[in-house]
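Working notes for the structure below.
Laboratory data are not the source of any read-out in this text; all were calculated from the coordinates shown. No experiment lies behind these values; they were computed from the predicted model shown. As a convention, Cβ positions derive from the backbone with ideal geometry for all residues, glycine included, and neighbour counts pool all protein chains shown.
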């Protein structure tokens, strides 16, 4: 067994084609997850009746179960629900027409939502209570105070955790192979098994993941610097 | 004119305010004194509903509300007639000095940006910060931050400005500049209710001093009456404690 360095490069080029799949799963799950996270975090912080209990249950269940399990539950459960409803209401839509990647989008969004809920909650809690009081004291409504005062500061506070979550979802998206979506890692496996050079192919995949992760870290640092600019300066 | 009638408030079982009555005439400066835990800050915060009173009536100008039956719209109206200057300044940390003052003009009063800006700039010049328009709060000293806070309150043109221990968090050498600004706007006839421990300031600026203890108004009168000829024993005790005579040796 010898390392075939030139094959790393061959695999690398073949795997590149799977980057859009990985990135689209990451982007969809992070964006939708952020929305879910924001709504559930607010529901819990403001103790909205019913919604806050539902949100808490959602967060503890999803964080208490593996991401792969979510994917499999959605993959096998969702078609039953959809086809059942379709039969009942006479829709022509059938679950078979959902593309495989659709299951990954849905299930990973649900996964990301639970983690983001904690990220958003921590961000909102990091903002001093006096900020909300000041916003109210100048006559803002609660939605105005949230939008103009609380959210921008919470976002700045949550950014390091947020970039952690994005990286987590990027790496987690490899699980989509379980429902036969060909992402970076899956592509590496395919390339490897047709050539019997597993180590080289996975090494190439690792390098690509590393590159993407560095990109996320860099952009997060850049954004942090821009929106956190107000925090710098020595005088208390 | 501000009228507080039978304001009461409890935290859990502890009664913080017991049926407080207080009237403040337009243009009057009322200073509230009292030991810590006397309920003076809570009373002030009730006036703009940062604390929700359990019962009583609040009237500001032509607006009157019953606290037991307050709706969200009432609270908003009340808050738009009052402004608060906080002990910890509470400037919007992600906004510059100018943006802090402009914010409510844009969002609450819906002024066009140009007008909001013009008004904010002249207010910041008035509190001596014309050269700090674009500074973030983290770049300002405590005294400067509090002066921005005062400009922010003034911008709303409220019927009354509430000052919650505006100099208590400041380094001693910065207290003077803030008190000077408050003194100047008091002279312009702006109605103010001030909770403070600055006795000299109270003597100078107040039209009326209210002494609170244990959630009730113990005594009120002109600064002369309260400081020179206090009637109640509790007032005398409090004044003795905060203005100790030099009858000790080191």
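Counting other Cβ atoms within 10 Å as a rough exposure proxy, the listed residues A:108, A:198 run A:198, A:108 from fewest neighbours to most. The C-alpha atoms of chain A define a longest principal axis, and helix A:198-227 lies at about 20 degrees to it. Here r is the Cβ-Cβ distance between residue A:217 and residue B:76 and R0 is 51 Å; the resulting FRET efficiency, rounded to 0.05, is 0.75.
Normalised radius of gyration (Cα atoms, divided by 2.2 N^0.38 Å) for chain B: 1.03.
Over chain A, with a Gaussian network built from C-alpha contacts below 10 Å, which listed residue (A:48, A:119, A:39) shows the highest mean-square fluctuation? Most flexible of the set in this elastic network: A:48. Using the rule -39500 (n - 2.57) for each DSSP H run of four or more residues, divided by the residues of the protein assembly as shown, the 222 nm mean residue ellipticity is -18500 deg cm²/dmol. Taking all Cα pairs closer than 8 Å and separated by 6 or more residues, the relative contact order of the range A:99-221 comes to 26 percent.
Restricting attention to the protein assembly as shown, close to 55% of DSSP beta bridges with both partner residues there are antiparallel. What angle do you read, to the nearest 10 degrees and between 0 and 90, between the alpha-carbon axis of helix A:151-172 and the longest principal axis of chain A? Approximately 20 degrees, to the nearest 10.
Taking springs between alpha-carbon atoms closer than 10 angstrom, which of A:52, A:219, A:92 fluctuates most in the Gaussian network model of chain A? With Cα springs under 10 Å in chain A, the top fluctuation among A:52, A:219, A:92 is at A:92. Percent of Cα pairs in the range A:27-147 per distance bin of 5 Å, from zero to the largest separation: 2, 11, 15, 17, 16, 14, 10, 6, 5, 4, 2, 0.
Using alpha-carbon pairs under 8 Å, 6+ residues apart, how would you state the relative contact order of chain B in percent?
26 percent
Of all the options A:56, A:29, A:173, the one that moves most in a Gaussian network model of chain A with Cα springs shorter than 10 angstrom is A:56.
I want to verify the translational diffusion coefficient of the protein assembly as shown in µm²/s; compute it with Stokes-Einstein, Rh as the Kirkwood radius over Cα pairs, at 4 °C and 1.567 mPa s. Roughly 48 µm²/s, to the nearest whole number. Averaging the sequence gap over all C-alpha pairs within less than 8 Å and six or more residues apart, then dividing by the number of residues, gives the range A:20-183 a relative contact order of 36 percent. Enumerate the whole-percent occupancy of each 10 Å bin, from 0 to the last occupied one, for all C-alpha pair distances of the range B:1-115. The percentages, shortest bin first, are 12, 39, 33, 15, 2, 0. Compared with the dominant Cα axis of chain A, that is its longest principal axis, helix A:51-63 is turned about 30°.
Computed extension length for residue A:5-residue A:45: 9.0 nm, one decimal, from 0.36 nm per residue of separation with the Cα-Cα distance subtracted.
What average number of partner chain Cβ atoms lie no more than 10 Å from the Cβ of the residues making up B:102-112?
3
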